[in-house]
Amino acid sequence: MNSEIVLTEANAAATKILALEELDDPQRIVVAYKITLGRIPTETEKSLALAYLKKHDKGTNQLDTWAGILHGLFACLDFRYLN
């Protein structure tokens with residue numbers, strides 16, 4: 001999951017999500033979950049993602065922070081396996 005292609009795709013997805021300027025961070029998290037996992041995040045998942053954003057808000061590039069969220073979604077079981 002740390003291959004160059006996965007990291008590149010996480011950056012590309014983060015770029016597209018950040019381009020949605022009319023959305024705030026909670027709405028962007030919903031979009032990230034919908035495009036990667038095909039569902040909305042649970043309240044726990046949403047609050048964990050918001051905490052990650054808040055923690056990395058200082059000193060980190062916003063694109064890198066969002067790419068980290070997408071990379072995490074790409075690595076989760078819901079993304080890798082079909083029901």
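The values are calculated or read from the model by the stated rules, or taken from the named source; none is laboratory data. These numbers come from a predicted model, not from an experiment. Note that we place each Cβ from the backbone using ideal geometry, even for glycine, and neighbour counts take in every protein chain shown. Ligands, DNA and RNA are excluded from the accessible area calculation, which covers all protein heavy atoms including side chains. Shrake-Rupley method; radii C 1.70, N 1.55, O 1.52, S 1.80 Å.
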Worksheet entry | Residue count, region 1-31 (criterion: open to solvent by less than 40 Å² (accessible area, probe 1.4 Å), touching a residue at least 40 places away in the same chain (Cβ under 8 Å) and within 15 Å of THR65 (Cβ to Cβ)) | 6
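Residues are listed down the side, and each one gets a yes or a no for (1) in a helix (DSSP H, G or I); (2) surrounded by fewer than 13 Cβ atoms within 10 Å (Cβ to Cβ); (3) among the charged types (D, E, K, R):
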| residue | (1), (2), (3) |
| --- | --- |
| TYR33 | yes, no, no |
| ARG39 | no, yes, yes |
| LEU48 | yes, no, no |
| LEU53 | yes, no, no |
| LEU63 | yes, no, no |
| LEU70 | yes, no, no |
| LEU73 | yes, no, no |
| ASP78 | yes, no, yes |
